[in-house]
Amino acid sequence: MDKLKIGYVGVSIPSYFADEYKQSERAMSGLSKLAEELDFDLYAVRKTAMNAEDAEEARRELVANKVDFLMLENAGCSQGQQLIPLSKVCSRMGLWATPEPRLHGDIQIHSLVSMSMYASIMKTYLAQYNIPYKWFYGQPGDDMFERRFRVTVNALKAIKGLSQSRIGWIGGLSPGFYDMIFDERKLEHRFGVRVFTHELMEIVQLAKKYDEAKAGAVVSDMRGGASAVEVSDEAMNKGGRTYLALKEMAQREGYNALAVECWPKFQAFYGIAPCMAYSWLGSEDGMAVACEGDVLGALSMLMLNFLSPAKGSSTLLDIASLDGTNSSLQLWHCGVSPRHFANSEGIRWIEHPTLGRKAPGEPRFGVSGDQVFGAQSTTVSYVGRDGDTLLSLNSEIVEKPDTPGFAGTRGWFTQFKLNQEPIDLWDLMNTLTVHGQEHHYAVVQGDVSSELLEIAAWLKMDLIKRVPYRDYLQIEGANT
């Protein structure tokens, strides 16, 4: 994938002291160090733009180098005429002010007032262009500046990653999952991501073609990565082959994530539950695989993967139960989560916890993962409504030895924050239900909520906002 490319230009007017205080030199040096650390490309205009003509020249240079984001520093007091051409460089901007070198005598830089003026011009004179911008204050090396800048870089890297991504949709949605129907045109328009369809039988045919040595080697690794194996050799063999088939298709087609219908076709066509294959792709290859054919879930997982420094993939879960006594929710799925979420007991390979369990004479279907998540911080998210909405929820996973949860991959989540604001269990359940939130939740290790909220702002997505619990009927937009 192409790297994020950030442009830089400093602006001033000659009667101030931008050059004397080496404003642009310091900015370029600091941004260069951050570019190396944060893995983005920097294109800097070396000459401080002192008038509108210089700004136009800088615009041409930056456009020719195809920058994704422009850091426009008010290196000194600047005029509105200098902003006009630079506002047309790219679709996202940073407006940057720096501190005065001294706080007495004649003013030297007058950067802050110029940045404030530029923000006002963007909202008034240039309002019809609707160009989103973020303000920055300080110097590279300052804690506040670097925190704020890192969030932006990480968010923009994820946005660029999504714009170059391909999702393989295999088999379609599982029956009745109407809340996850999507319009691929809207997803491509907002994110740039493209979705490509395949019949599930393509995976089954691929799975059957591998020789026993190749399949056996993968199964050996899968056995070695589990604390216990409680399924037949045949089920493990099919599960290993399914993993190889999904990985081959993803590599061959250049897919960054997969959404695969795991029931009922997989059982009809190949006699297995493919959960272990999804889990192994997530833990060993860092690939987002959404079960039940959930493309919006795959997109949500992929977005979290771009934001997370962890090697392994995020996971996709349901809200399976709640415990009002200690304000916690059990998030669970049938066995698809990567093993790096597990507590010290690790992951076990088991028969699927629900499929085939009540049909007389029917076999149980392997292979699923069984694990309890270890105590850890998480971010929970979902891209809903064809990309119009974004859920940003922080939570702590806690272990409950006396009530470890349902068989499958699961954890108890508590201490919730919605959009970085604490929210109690009943307000959260009310919010999700009144809003009609899609019933899948993408979960990643760590806190990436600042980056999520910034992505929502750049892409003009609506956040899921608190609807406080009440005893009367609440209809979103009417009495909430």
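Summary of computed values
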| read-out | value |
| --- | --- |
| Accessible area in the full protein assembly, largest first, 1.4 Å probe, for HIS189, HIS352 | HIS189, HIS352 |
| Computed log₁₀ I(q)/I(0) - Debye formula, equal Cα scatterers, no solvent, region 239-281, q 0.16, 0.17, 0.23, 0.34 Å⁻¹ | -0.39, -0.44, -0.78, -1.25 |
| At 0.890 mPa s and 25 °C, Stokes D of region 148-193 from Kirkwood alpha-carbon radius, µm² per second | 195 |
| Under the Karplus curve 6.51 cos²θ - 1.76 cosθ + 1.60, θ = phi - 60°, whole-Hz ³J(HN,Hα) for region 315-328, x wherever Gly or Pro sits | 9, 10, 9, 9, 7, 9, 6, 9, 10, x, 5, 9, 6, 10 |
| Over region 177-303, equivalent-ellipsoid semi-axes from the Cα gyration tensor in Å | 27, 15, 14 |
| Full-extension gain in nm, SER220 to THR325, via 0.36 nm per residue minus C-alpha separation | 33.5 nm |
| Heavy atoms of MET50: accessible area, 1.4 Å probe, square angstrom to 10 | 40 |
| PHE306 accessible area, assembled protein chains, probe 1.4 Å, Å² | 70 |
| Reference-scaled alpha-carbon Rg (2.2 N^0.38 Å with N residues) for the chain | 1.12 |
| Largest to smallest accessible area among GLU20, GLU451, GLU253 [probe 1.4 Å] | GLU20, GLU253, GLU451 |
| Region 254-379 - Debye-derived log10 I(q)/I(0), Cα point model, q = 0.15, 0.17, 0.18 Å⁻¹ | -0.72, -0.91, -1.00 |
| Cα-based Kirkwood hydrodynamic radius, region 74-224, one decimal, Å | 20.8 |
| Taking the chain and dividing mean pair separation by its residue count, relative contact order in percent (alpha carbons under 8 Å, at least six apart) | 11 |
| Convex hull of Cα atoms in region 408-480, direction-averaged projection (nm²) | 6.1 |
| Along each principal axis, Cα extent of region 1-105, largest first, Å | 51, 29, 18 |
| Solvent-accessible ranking of LYS157, LYS66, LYS88, largest area first, probe 1.4 Å | LYS66, LYS88, LYS157 |
| Peptides ranked, highest mean first, by Cβ atoms within 10 Å: ranges 395-403, 274-282 | 274-282, 395-403 |
| Accessible area expressed per residue, the chain, with surrounding protein chains retained (probe 1.4 Å, Å²) | 42 |
| Under-5 Å amide H pairs with MET71, H placed in peptide plane, nonlocal only | GLY7, TYR8, VAL9, GLY94 |
| Calculated P(r) tail over 17 Å for region 354-435, as whole % of Cα pairs | 62 |
| Carbon plus sulfur fraction of accessible area for the chain, probe 1.4 Å, in percent | 51 |
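The values are calculated or read from the model by the stated rules, or taken from the named source; none is laboratory data. All of these numbers come straight from a predicted model, not from anything done at the bench. Every residue, glycine as well, gets a Cβ built from its backbone with ideal geometry; the counts of neighbours run over all protein chains shown. Protein only, heavy atoms only, side chains kept; ligands, DNA and RNA dropped before computing areas. Shrake-Rupley method; radii C 1.70, N 1.55, O 1.52, S 1.80 Å.
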